[in-house]
1. Looking at (1) of a type in the set (Gly, Ala, Ser); (2) out of contact with any helix residue (DSSP H, G or I) (no Cβ under 8 Å at 6 or more places or on another chain); (3) under 30 Å from Cys245 (Cα atoms), find the lone condition where Gly182 falls short.
2. Which of (1) touching a Cys at 6+ places or on another chain (Cβ under 7 Å); (2) in contact (Cβ under 8 Å) with a residue 60 or more places away in the chain; (3) assigned to a helix (DSSP H, G or I); (4) closer than 22 Å to Cys159 by Cα does Arg5 not meet, given it meets every other one?
3. Regarding region 237-245, can at least one residue be identified that is free of Cβ contacts under 8 Å to residues at least 12 places away in the same chain, among the β-branched types (Val, Ile, Thr) and under 15 Å from Phe120 (Cβ atoms)?
4. Any residue at all in region 179-194 that's β-branched (Val, Ile, Thr), free of Cβ contacts under 8 Å to residues at least 60 places away in the same chain and not in a loop (DSSP other than H, G, I, E, B)?
5. What number of residues in region 108-166 are closer than 16 Å to Met200 by Cα and hydroxyl-bearing (Ser, Thr, Tyr)?
6. Do any strands (runs of 3 or more DSSP E) entirely within region 215-290 hold 1 or more residues that are under 28 Å from Leu58 (Cβ atoms), and if so, which?
7. Which number in (1) within 22 Å of the chain's Cα centre (by Cα); (2) over 28 Å from Asn221 (Cα atoms) marks the one condition that Gln70 misses?
8. Read through the list (1) out of contact with any Ser or Thr (no Cβ under 7 Å at 6 or more places or on another chain); (2) surrounded by 15 or more Cβ atoms within 10 Å (Cβ to Cβ); (3) in contact (Cβ under 8 Å) with a residue 60 or more places away in the chain; (4) aliphatic (A, V, I, L, M), then give the number of the only condition that Val91 fails.
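The values are calculated or read from the model by the stated rules, or taken from the named source; none is laboratory data. What you see is a predicted model; the values in this text were computed from it and never measured. Ideal geometry is used to build each Cβ from the backbone, glycine not excepted, and the neighbour counts take in all protein chains shown. Calculation scope for accessible area: heavy atoms of the full protein, side chains included, ligands and nucleic acids excluded. Shrake-Rupley method; radii C 1.70, N 1.55, O 1.52, S 1.80 Å.
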Amino acid sequence: MERFRRFIQFISAFVANSRLWITPSNPIYTGPIKQICFPGLNCYSCPAAISSCPLGALQNVLASLKMNLQLGKPGLGLYILGSLGMMGAVVGRAPCAWFCPFGLFQDILYKLVPVPKLPFWRPLAWGRYVFLFLFVIILPVFVLDAAGFGQTWFCKFICPAGTLEAGLPLLAIDSGLRSAVGALFFSKLALLMLFIMWSMVNHRPFCRAVCPLGLIFGLFNRVSWLQLRFNRDVCVECHACEIICPTGVSFADGRDDINSTKCIRCMRCFNLCPGGAITVEFSKTRRRSRGEGCTCHQEQG
């Protein structure tokens, strides 16, 4: 399944960025398909992007919320919230493992760069809540300019995917933009370089410590249609699931729930578990397990 997941990751990255005819006079696609939210972190301003980033779209809605309310146009972004909610309700945080181009980028760096790997400091996972509630929700809604508009704080000041997919390519194809480069771009470039180096020694550090979109999907993990189950009674305590988990979910030792917000549903633990202690279920009905007729099909209480 791991090879199949990698194949889906590459296909998804290509589909999301399949605009191949790019010119300096028309660097960003703005056609009707751009209204669709891609289920992953893929910058709207990427010259090759044919869809929108749901995180950027959500910030735009929140940044213009006060002005729209004053004009009698609620503009609550129900389509964006609905697309996030629908995806999360069905598969939880699976888009992070299967569709997100920036997740694939981190996977490649971690696997291919031959440097010593370091443990991830678990308290950094709380950073996701700070970035979601502060930079995606609170600041765009409440820090407004004289006209009543907010800013897309996370996209503008933090997002390394935007720098990689949009900032650098746009500078490469538009010479006029290069003369306008200032401190903000260089600060974001420094952040991108930080995450690149961090991804070489830690598996998916951006996903684990920062990504607000991953947290939004992750909040659905315990209630989504797709569920993982862990039966401790048949666990052989090899801890292979912890070693192979790209986001460090430690459910075998009881520190995390198997459907924690950190789980990206990559299914690596399910495929690797030698005792069949992990099962995949859809809603209340078991659909797939690692062995027929064994006790691993029972739900953990």
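1. Gly182 satisfies every listed condition except (3).
2. So the condition that Arg5 fails would be (4).
3. So in region 237-245, the residues free of Cβ contacts under 8 Å to residues at least 12 places away in the same chain come out as 242-243.
Next, only the ones that are among the β-branched types (Val, Ile, Thr) stay: 243.
Adding the requirement that they be under 15 Å from Phe120 (Cβ atoms) leaves 243.
Taking every residue of region 237-245 in turn, at least one turns out to be free of Cβ contacts under 8 Å to residues at least 12 places away in the same chain, among the β-branched types (Val, Ile, Thr) and under 15 Å from Phe120 (Cβ atoms).
4. Keep residues of region 179-194 that are β-branched (Val, Ile, Thr), which gives 181.
Still in the list and also free of Cβ contacts under 8 Å to residues at least 60 places away in the same chain: 181.
Retained after the next criterion (residues that are not in a loop (DSSP other than H, G, I, E, B)): none.
No.
5. Counting residues in region 108-166 that are closer than 16 Å to Met200 by Cα and hydroxyl-bearing (Ser, Thr, Tyr) gives 1.
6. In region 215-290, the matching strands (runs of 3 or more DSSP E) lie at 226-230, 278-282.
7. Against the list (1) within 22 Å of the chain's Cα centre (by Cα); (2) over 28 Å from Asn221 (Cα atoms), Gln70 comes up short only on (1).
8. Val91 satisfies every listed condition except (1).
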